[in-house]
Amino acid sequence: MLQPLTKPSLIDDAVFFLQSRLQGAVIIPEDHRYDRARQAWNLSVDQQPALIVVPKTAADVVEAVRFARHEGFSIAVQATGHGNVRPADDCLLILTSDLQGVEVDAQAQTAWVEAGVKWEKVLAKAQAVGLAPLLGSSPDVGAVGYTLGGGMGWLARKYGLSADSVNTFEVVTTDGQLRRVSATENSDLFWGLRGGGGSLGIITGMEIKLYPVTTVYGGNLFYPIDQAKAVITHYREWLPLLPDELTSSIAIMNFPPIPDVPEFLRGQSFVMVRGCYTGPVEQGEALLDYWRSWQAPVIDDFKVLPFTQSAAISNDPVDPIGAQSNGAWLRELSNEAIDILIERINPANGSPLAFIEVRHAGGAMTKPQASAYSNRSETLSLQMVGAVFSPEGHQALLTYMNETKQALQPYLSGRVYMNFLEGKVSQEQIRNGYAPEAYERLTQLKAKYDPDNVLAYGFNIQPARK
Ligand SMILES: Cc1cc2nc3c(=O)[nH]c(=O)nc-3n(C[C@H](O)[C@H](O)[C@H](O)COP(=O)(O)OP(=O)(O)OC[C@H]3O[C@@H](n4cnc5c(N)ncnc54)[C@H](O)[C@@H]3O)c2cc1C
């Protein structure tokens, strides 16, 4: 019997047409490049987009958005896959990895950064002319995604959030328009993109301010885990003494028993004082005397660091891994809160957490700005991270993190820092990421710029009802 003729589906014709209009690539599930393209840095993310567009230009992004609207697709955006909120299933995924331009203007102390660029590239180009961007702990993270959520790094107390240092965004909104967005052009959208995440438009590039930082005094003091209570209490008492030039954190780390970890750390736990000081070295050393004259650490690697090597402070993983992050703002590091943190990270109690870190915020981050970012008066950012090896392990980790937050409830402010939330937790906690009036304003912006919630894979902001 003759097989009925299979007519090419509308989507096949349409994809062919889309490809003909792009400089970049369209990748469909049958394409050998599909599995690589859909992979996020975070290996716990398994996403199956209906198709993937890899734009080479802002005009390609416009074409992709118009195509998605015409064909009825939702749109997800990914640069590196470090911060997935919702897997890009059954949608059009715009993978910005080929938008790789970085232009540094040494005179103006600014950089133009395209959407697919990781911080490491901006850092290298800026440092070549004695300037620094406000990157975070890992230069492997995408500059734009980081900035859309606020962006709190090792220079944050001195120079503020990365979002505070944006001069201009170039954005494609879901009506297919390419817009310049700044304090004077589309200023409502400028307010929303500075901290409000990627659900209001697709950024194709941004101009950011750079700062004159070439060396810092930074590193870690490692103390034995059995001194964790005394060390964290001592840290709490240090904080009111600190100038804005020092951004610091306290972390408890369970180093995994794997060959990649240096032998003296392998399978061990430590409590670590971390920091980055941007003033004269002698003053940085004087600040560290507080610790060195108190108790000698097991390892003291604070030193003068070229800012190009600032990644050494946190030593975040670069190779893709399965991981889950969760966090909240702590109201205080009370004795009880410290006890809970120590108990919940202890592998002897069955803890699946790899590390817990409390970052000291404040300083320049408290300066009022026209931006959606709403956590300016918060000072202690708690983040927990665990490795994910299986869906069951992932679920157990999520439960453990939720229980940890429950136990800490009396000491939490009720707010969350959106950049440290991932997946369902990010979706569920969105209202706690913002002051109520800021969240309300974001929903109104969403209603104006994306009323059909086409960008449904970034921060979970729903359009305000008319
Ligand atoms: C190892 C590690 C270290 C980190 N360190 C810090 C830190 O020190 N400080 C801090 O604040 N955060 C930090 N983060 C969190 C990080 O900033 C967020 O996960 C951020 O979202 C990552 O951006 P990305 O583009 O690399 O990731 P992606 O997963 O590619 O993107 C994350 C989200 O950003 C949005 N997005 C990305 N590009 C665009 C675009 N062009 N247009 C619109 N939306 C877009 C999308 O909604 C996307 O879902 C860290 C994360 C990791 C994994």
- Could you check, for the range 292-305, whether at least one of its residues is within 30 Å of LEU398 (Cα to Cα), loosely packed, with under 14 Cβ neighbours inside 10 Å and not assigned by TED's automatic domain parsing to the domain that holds LYS121? no
- Item | Residue in the range 159-172 that is buried (at least 19 other Cβ atoms within 10 Å of the Cβ), acidic (Asp, Glu), not assigned by TED's automatic domain parsing to the domain that holds TYR373 and not in a helix (DSSP H, G or I) present | yes
- Task: Quick one: in the range 129-145, of everything that is within 6 Å of the ligand (Cβ to nearest atom) and closer than 25 Å to ASP98 by Cβ, which residue is surrounded by the most Cβ atoms within 10 Å (Cβ to Cβ)?
- Result: VAL144
- Sort out which residues of the range 18-38 are closer than 17 Å to ASP90 by Cβ and within 16 Å of the ligand (Cβ to nearest atom), and write them in order of number. ALA37, ARG38
- Residue tally, condition part of a loop (DSSP other than H, G, I, E, B) and within 8 Å of the ligand (Cβ to nearest atom), over the range 148-158: 6
- Message: Being β-branched (Val, Ile, Thr) and away from the ligand (no atom under 16 Å from the Cβ) is the filter here; which residues of the range 403-425 pass it?
- Response: THR404
- Query: Any idea which of GLU428, GLU440 is under 13 Å from ARG86 (Cβ atoms), more than 11 Å from the ligand (Cβ to nearest atom) and not in a loop (DSSP other than H, G, I, E, B)?
  - Reply: GLU428
- Query: Is the range 437-447 home to any residue that is within 23 Å of LEU161 (Cα to Cα) and in contact with a strand residue (DSSP E or B) (Cβ under 9 Å, 6 or more places away or on another chain)?
  - Reply: no
- Query: Got at least one residue in the range 264-278 being of a type in the set (Lys, Arg) and in contact with a strand residue (DSSP E or B) (Cβ under 6 Å, 6 or more places away or on another chain)?
  - Reply: yes
- Item | Test set (1) within 19 Å of LEU95 (Cα to Cα); (2) within 13 Å of the ligand (Cβ to nearest atom); (3) surrounded by fewer than 24 Cβ atoms within 10 Å (Cβ to Cβ) - GLN177 fails condition number | (2)
- Query: Mind checking which residues of the range 305-364 are hydroxyl-bearing (Ser, Thr, Tyr), in a loop (DSSP other than H, G, I, E, B) and under 26 Å from VAL213 (Cβ atoms)?
  - Reply: SER310
- Note on the structure: Among the residues of the range 448-463, the number that are under 15 Å from TRP191 (Cβ atoms) and either more than 14 Å from the ligand (Cβ to nearest atom) or assigned to a helix (DSSP H, G or I) (or both) is 2
- Do you know which residues across the range 183-212 are farther than 23 Å from PRO463 by Cβ, under 22 Å from the mean Cα position of the chain (by Cα) and more than 15 Å from the ligand (Cβ to nearest atom)? LYS209, LEU210, TYR211
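The values are calculated or read from the model by the stated rules, or taken from the named source; none is laboratory data. This one's a predicted model, so the numbers in the text were calculated from it and none came from an experiment. Cβ sites come from the backbone with ideal geometry, for glycine too, and all protein chains shown count toward neighbours.
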